[in-house]
Amino acid sequence: MIFRIPTDRINWTTSSFLIGTFVLTLTAVPLYLWYFGVDWFQLAVFAVMLAATGFSITLGYHRLFSHMTFRARLPVRLFILIFGAAAFENSVLMWASEHRRHHKHVDHDEHPYDITKRFFHAHIGWLFFKLLPHPPFDNVNDLKKDPLVMWQHLHIHLLAVIVGWPDFCGTAGSARLVVS
């Protein structure tokens, strides 16, 4: 254990992604902006992706799939599953399972992002470490019966990269009308 960090429990994939994104935000983004600027197309893609991923998580993952507060037709559900993947917040099956566990075990040991374990843990720290034992998906049996949800769960990483790619570099080749 280094500095009392349980290295055997680190979720290396998630930790690397979050730390890498943070480092690129501080280094590569300012360099890109300095040398190339931003054009109208990049701003439009940013706005569309922000709205699509934001609605997919808040309206879709949260209200539709976790709380089942309304029903949606196939095109809306497919949109939510595809753009929810692009938000890089995992599959709806995992997200809903953790969110339902959050409501069931508020401020107890089984709470995935327990505030009693301090501010950092509750907001982002819980993502860096694997829960042991791994929580089962026993609270999302309704979602496990949905073929679209299971398709997204099976292909979550591929969907995230393909659909989320414009957020990272898909707009780099667009017209160079620099916004000043």
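Worth a mention:
- Lone unmet requirement of (1) closer than 14 Å to Q152 by Cα; (2) not in a helix (DSSP H, G or I) for R77: (2)
- Here W126 meets each of (1) touching a Pro at 6+ places or on another chain (Cβ under 7 Å); (2) modelled with pLDDT of 80 or more with one exception, condition (2).
- Residue list for the stretch 1-32, restricted to those being out of contact with any Ser or Thr (no Cβ under 8 Å at 6 or more places or on another chain), under 21 Å from H134 (Cα atoms) and of a type in the set (A, V, I, L, M): I5, I10, L18
- The set of residues in the stretch 123-150 that are free of Cβ contacts under 8 Å to residues at least 12 places away in the same chain and crowded, with 16+ Cβ neighbours inside 10 Å contains only D146.
- Every residue from the stretch 39-81 that is under 17 Å from S91 (Cβ atoms) and of a type in the set (S, T, Y): T53, S56, T58, Y61, S66
- Here the condition is being within 15 Å of the chain's Cα centre (by Cα) and among the hydroxyl-bearing types (S, T, Y); of T69, T58, it holds for T58 alone.
- Residue list for the stretch 103-124, restricted to those being farther than 22 Å from I156 by Cα and in a helix (DSSP H, G or I): H103, K104, I115, T116, K117, F119, F120, H121, A122, H123
The values are calculated or read from the model by the stated rules, or taken from the named source; none is laboratory data. Worth saying up front: this structure is predicted, and the values here are computed from it rather than measured. No Cβ is skipped: glycine too gets one built from the backbone with ideal geometry, and neighbour counts run over all protein chains shown.
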